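This report refers to the structure that appears directly beneath it.
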Amino acid sequence: MNAEIISVGTELLLGQIVNVDAAIIARELSALGINLLYTSVVGDNPDRLEKAIGMATQRSDLLIMTGGLGPTDDDLTKETAARVAGKKLVLHEESLDRIVTYFNRQNVSENQKKQAMLPEGATVFTNNNGTAPGCAFQTANGATIIMLPGPPSELEPMMTESVVPYLKSGEQAIIVSHSVHIFGIGEAMTAQLTSDLMEGANPTVAPYANEGECFLRVTAKAATKAEADALCAPIIEEIKKRIGDSIYSVDVNSLEETVVNLLRESGKRIATAESCTGGLLAKRITDISGSSEVFEMGAVTYANRIKELLLGVPHDVLAEKGAVSEEVARAMAEGIVKKAGADLGVGITGIAGPGGGTEEKPVGLVYIALSDGKNTWVTKRSPIGRTKSREWHRHCAASQALDMVRRYLTDLPIEAQ
């Protein structure tokens, strides 16, 4: 099946709102094994929108539209799509009842009532997080149009709770996807190591880049889930052989979730001391539900005197080596593990930029230390030869720290480059 996305809204064209809807939908379509061929943004102009819909329904089997379902005069998605498909808009009583209940009154204005007007014969998707329902219907040439509300807080649950099951119900086969998550080698090297696997038709293998890491999605189609899983399994094992210990999980979507799970399984607790990352490592750990079982404390120690006072970093080390050094990172990790009484302690110090770098210590230089109270390991992150943002350096330094903890807990070499 070939699909495309049309996002409706002048505010998207002007850059006033970032189009996260398309990313949400694209991920779900990829997981279903549906080919996404085009994405486009059309302003609140019925003529241009009508042309875009007409073109999309001629060249694609599935069109998913976002936005323009609300009560205002510029919300014209339904009217335009119905006109292209030759459908009348009819009142959907259940949706109207939900809108009345939402506003807690017996009568609603005509513009609110407009949201309950849907193409005749449409499959309706209940909006449990707003007022405008979504829907799906067919055009005369057999293409399917799905319309979803624009706010991501409404679209995302509707996509997962209603649209994905709707799309699956039209498939005679079951589609299963597994994600192999990788830290330590980039998308290009990952693709090079697995290029022949990407030539397969079932299962398929596709690379995706995230911030400072990447993942491979393995997707198979079969009569049952068990059969699809069986098709994926040998491919995943082959990927593991080729990529090795840079794989941090299969189907666990983040390093922090992986680390929290490993800490819980091992019964160990962790504490963090951060300088250039400003508490980002602690935040990422505590973003995970259940992290209170494994996280003792986090300290953001920017000033040298705080490093001395709170963590016991020796004054002469700071004076001689500077705050950004292997010795200080080591002392920070050893200080926080002792201060917290934790099993593991992490220390991070570096230069995130964009200012503050020197020829000797350039922007992007970060030292990350891990201590278990007896032994301490230090990884040095060096600039990669091109300008990166402050946010990128901080995120990747926190990821490196998480990967060091993962490696420690799984008996792998810790000081990976």
Checklist line | Filter pass, Lys361 being closer than 26 Å to Ile247 by Cα and without any contact (Cβ under 8 Å) to a residue 60 or more places away in the chain | finding: no
Margin query: I need every pair where a residue in the stretch 233-251 that is over 18 Å from Tyr208 (Cβ atoms) has its Cβ under 8 Å from the Cβ of a residue that is among the hydrophobic types (A, V, I, L, M, F, W, C) and in a helix (DSSP H, G or I), sequence separation at least 6 or different chains.
Written below: Glu238/Leu197
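Could you list all residues from the stretch 340-358 that are of a type in the set (Gly, Ala, Ser) and either assigned to a helix (DSSP H, G or I) or touching a residue at least 60 places away in the same chain (Cβ under 8 Å) (or both)?
If the condition is that a residue be of a type in the set (Gly, Ala, Ser) and either assigned to a helix (DSSP H, G or I) or touching a residue at least 60 places away in the same chain (Cβ under 8 Å) (or both), then Ala340, Ala342, Gly345, Gly347, Gly350, Ala352 are the ones that fit.
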Note to self: Suppose the filter is farther than 17 Å from His92 by Cβ and touching a helix residue (DSSP H, G or I) at 6+ places or on another chain (Cβ under 8 Å); does Thr139 pass it?
What the structure shows: yes
Check: Name the residues in the stretch 284-339 that are among the β-branched types (Val, Ile, Thr), in a loop (DSSP other than H, G, I, E, B) and touching a residue at least 24 places away in the same chain (Cβ under 8 Å), would you?
Finding: Ile288, Val294, Thr301, Val324
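This table checks each residue for (1) modelled with pLDDT of 95 or more; (2) buried (at least 19 other Cβ atoms within 10 Å of the Cβ); (3) closer than 24 Å to Glu391 by Cβ.
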{"residue": "Gly267", "(1), (2), (3)": "yes, no, no"}
{"residue": "Ser275", "(1), (2), (3)": "yes, yes, yes"}
{"residue": "Ile306", "(1), (2), (3)": "yes, no, yes"}
{"residue": "Val328", "(1), (2), (3)": "yes, yes, yes"}
Next item on the list: Report yes if some residue within the stretch 315-324 is in contact with a Phe, Trp or Tyr (Cβ under 8 Å, 6 or more places away or on another chain) and in the same structural domain as Val363 (by TED's automatic domain parsing); otherwise report no.
Entry: yes
Checklist line | Candidates Val366, Val328, Val346 - the one that is of a type in the set (Val, Ile, Thr) and in contact with a His (Cβ under 8 Å, 6 or more places away or on another chain) | finding: Val366
Check: Could you say which residue among Ser30, Ser95, Ser60 is surrounded by fewer than 19 Cβ atoms within 10 Å (Cβ to Cβ) and hydroxyl-bearing (Ser, Thr, Tyr)?
Finding: Ser30
Notebook entry, point to check: Can you tell me which residue in the stretch 106-160 is surrounded by the fewest Cβ atoms within 10 Å (Cβ to Cβ), limited to those that are among the acidic types (Asp, Glu) and over 23 Å from the mean Cα position of the chain (by Cα)?
Noted result: Glu110
Notebook entry, point to check: Can you tell me which of Ala223, Ala228 is modelled with pLDDT under 95, exposed (fewer than 14 other Cβ atoms within 10 Å of the Cβ) and either of a type in the set (Gly, Ala, Ser) or in the same structural domain as Ser292 (by TED's automatic domain parsing) (or both)?
Noted result: Ala223
Next item on the list: For the stretch 88-99, enumerate the residues that are over 34 Å from the mean Cα position of the chain (by Cα) and within 22 Å of Asp74 (Cα to Cα).
Entry: Lys88, Leu89, Val90, Leu91, His92, Leu96
Notebook entry, point to check: Do we have any residue at all in the stretch 123-130 that's touching a Phe, Trp or Tyr at 6+ places or on another chain (Cβ under 6 Å) and in contact (Cβ under 8 Å) with a residue 40 or more places away in the chain?
Noted result: no
Item checked: Within the stretch 63-91, considering residues that are farther than 21 Å from Met158 by Cβ and among the acidic types (Asp, Glu), the one surrounded by the most Cβ atoms within 10 Å (Cβ to Cβ) -> Asp74
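One line per residue, one yes/no per condition, for (1) within 24 Å of the chain's Cα centre (by Cα); (2) more than 11 Å from Ser177 (Cβ to Cβ):
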{"position": "Gln192", "(1), (2)": "yes, yes"}
{"position": "Asp196", "(1), (2)": "no, yes"}
{"position": "Ala206", "(1), (2)": "yes, no"}
{"position": "Ala209", "(1), (2)": "yes, yes"}
{"position": "Cys214", "(1), (2)": "yes, yes"}
{"position": "Ala220", "(1), (2)": "yes, no"}
{"position": "Ala226", "(1), (2)": "no, yes"}
{"position": "Lys241", "(1), (2)": "no, yes"}
Notebook entry, point to check: Which of the following residues is in a loop (DSSP other than H, G, I, E, B), surrounded by fewer than 17 Cβ atoms within 10 Å (Cβ to Cβ), assigned by TED's automatic domain parsing to the domain that holds Ala401 and at pLDDT 95 or above: Lys374, Lys380?
Noted result: Lys374
Item checked: Criterion violated by Ile235 - all others in (1) modelled with pLDDT of 95 or more; (2) within 30 Å of Asp343 (Cα to Cα) satisfied -> (2)
Checklist line | Members of the stretch 370-403 that are hydrophobic (A, V, I, L, M, F, W, C) and within 14 Å of Asp343 (Cα to Cα) | finding: Leu370
Check: If you check Leu318 against the conditions, is it over 20 Å from Leu280 (Cα atoms) and surrounded by 15 or more Cβ atoms within 10 Å (Cβ to Cβ)?
Finding: yes
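The values are calculated or read from the model by the stated rules, or taken from the named source; none is laboratory data. In this text the structure is predicted, and so the values were computed from the model without any measurement. Ideal geometry is used to build each Cβ from the backbone, glycine not excepted, and the neighbour counts take in all protein chains shown.
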